[in-house]
Structure formats: C-alpha cells, structure tokens
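Inspection log for the structure reproduced underneath, given as structure tokens.
The values are calculated or read from the model by the stated rules, or taken from the named source; none is laboratory data. Note that the structure is predicted; figures quoted are calculated from it, not measured. All Cβ positions, glycine included, derive from the backbone under ideal geometry; neighbour counts span all protein chains shown.
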Amino acid sequence: MNLNEVDVQEIDDDEFQGHKYVFRFAPNAYFEDKEIFKEFKYNKNSGDLIVHQTPIKWKPGQNLCDKGDVSKMLSGKQAGKKRPNDDTDEETSGFFAWFDEDNEDEEFIGQPMKEIWEEPVKYFAGDVEDEDDDYGEYDEDEDDDDDPEELDGEDDEGDDDDEE
C-alpha cells in the first residue's frame with residue numbers, strides 16, 4: 001500500500017481528550033488520498049465519544065472494503081483457481097474497514113498504535129510482553145543453561161578432566 005508515515009497525535013484541550021491517528025501514503029493503485037486519519041475525541045464533561053475519519057476516495061473497482069471489488073481483483077489474479085461464490089452479506093474487516101464511519105472501535109488499531117507510539121524503543125528492541133501470547137508462554141525455568149547457581153559446582157566430572 002506504500003505506507004510512508006504513521007503519526008499519533010494526542011488531543012488534550014479544555015473540552016476534549018483523545019487521539020488522532022494519521023497515515024500518509026505514496027501514490028498507489030487503490031485510492032486517491034495521500035493522507036487518511038481517524039480521530040477519537042472524548043468530551044471531558046459528558047464522556048461522549050466523537051469520531052471523525054477520512055472518507056477514503058477509492059479508485060474505480062479498487063475498494064478493498066467492497067466485497068464485489070475484492071472478488072473481482074482476486075479472480076483476475078488467480079486465473080484457473082475457482083472460489084465458491086459467496087453471496088452472504090459479511091462485513092469486510094481489516095485496516096481500511098476501520099475507517100468506515102460506523103466503526104467507532106479505537107481498540108482495533110488505535111490501542112496498539114498508542115502503545116507503540118508511547119514506547120517505541122521497547123518495541124524496536126523487542127522488550128515487550130505479549131499478554132495475548134497465542135504461541136504458548138515462555139518459562140524461564142526451561143532454559144537452565146545460563147543459571148549461575150546451576151553452573152557453579154554442578155558438573156564435578158568436568159572439573160576433574162581439567163586437573164589431569
């Protein structure tokens with residue numbers, strides 16, 4: 001998609017508090033916009049949520065949130081592979097569907113963006129703990145090779161070889 005830049009802007013004035021997520025793109029085959037944003041503002045007095053976003057200007061036949069356009073794009077790229085025709089009204093999901101005016105869910109993309117934005121060095125260095133680890137939990141006790149307590153005096157046979 002040619003994503004060039006991501007910016008998270010904090011909103012904190014007398015009336016509102018929240019975040020604005022800005023995504024800047026290079027020219028691409030799918031939409032006209034060079035910048036799209038989604039903004040979540042909470043009224044400090046009432047707690048009401050106000051959401052603004054860029055209405056994406058899709059190029060003809062390239063709307064990644066339109067099931068018909070996506071189906072046509074896939075059928076052109078997968079010549080010889082037939083997919084079953086699915087006429088259900090399933091909603092599209094993903095990054096661009098997040099910009100739909102009816103989508104007021106900040107958690108989908110906004111929460112991870114805020115976490116990365118607040119502590120980018122931790123994410124770059126890989127020093128983050130994944131609370132929703134789908135691949136199993138790492139048990140520090142499983143890696144016994146570098147425990148100082150176990151290395152000191154653990155293997156007496158190795159020490160005997162050094163004395164000969």
Pairs please, first residue from the range 116-131 and closer than 20 Å to GLU10 by Cα, second anywhere and at pLDDT below 75 and surrounded by 13 or more Cβ atoms within 10 Å (Cβ to Cβ), Cβ atoms under 8 Å, 6+ apart in sequence or on different chains.
ILE116/TYR123
Conditions: (1) in contact with a Lys or Arg (Cβ under 8 Å, 6 or more places away or on another chain); (2) in a loop (DSSP other than H, G, I, E, B); (3) surrounded by fewer than 13 Cβ atoms within 10 Å (Cβ to Cβ). ASN4 meets all but one. Number of the miss?
(2)
If you go through the range 26-39 one residue at a time, do you hit one that is at pLDDT 95 or above, within 20 Å of PRO112 (Cα to Cα), of a type in the set (Phe, Trp, Tyr) and surrounded by 12 or more Cβ atoms within 10 Å (Cβ to Cβ)?
yes
Among residues of the range 52-79, those that are of a type in the set (A, V, I, L, M, F, W, C) and in contact with a strand residue (DSSP E or B) (Cβ under 6 Å, 6 or more places away or on another chain), counted
2
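Of all the residues that make up the range 62-77, how many are of a type in the set (Gly, Ala, Ser) and either within 20 Å of the chain's Cα centre (by Cα) or surrounded by 12 or more Cβ atoms within 10 Å (Cβ to Cβ) (or both)? Steps first, please.
Narrowing the range 62-77 to residues of a type in the set (Gly, Ala, Ser): 68, 71, 75-76.
Filter once more, keeping what is either within 20 Å of the chain's Cα centre (by Cα) or surrounded by 12 or more Cβ atoms within 10 Å (Cβ to Cβ) (or both): 71, 75.
Total satisfying the criteria: 2.
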As an exercise: evaluate HIS52 against (1) loosely packed, with under 13 Cβ neighbours inside 10 Å; (2) assigned to a helix (DSSP H, G or I) and give the number of the one condition it does not meet.
(2)
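Which is at pLDDT 90 or above, in a loop (DSSP other than H, G, I, E, B) and surrounded by fewer than 16 Cβ atoms within 10 Å (Cβ to Cβ), of GLY47, GLY94, GLY80?
Numbers: GLY94 fails: at pLDDT 90 or above; GLY80 fails: at pLDDT 90 or above.
Going through GLY47, GLY94, GLY80 in turn, just one is at pLDDT 90 or above, in a loop (DSSP other than H, G, I, E, B) and surrounded by fewer than 16 Cβ atoms within 10 Å (Cβ to Cβ): GLY47.
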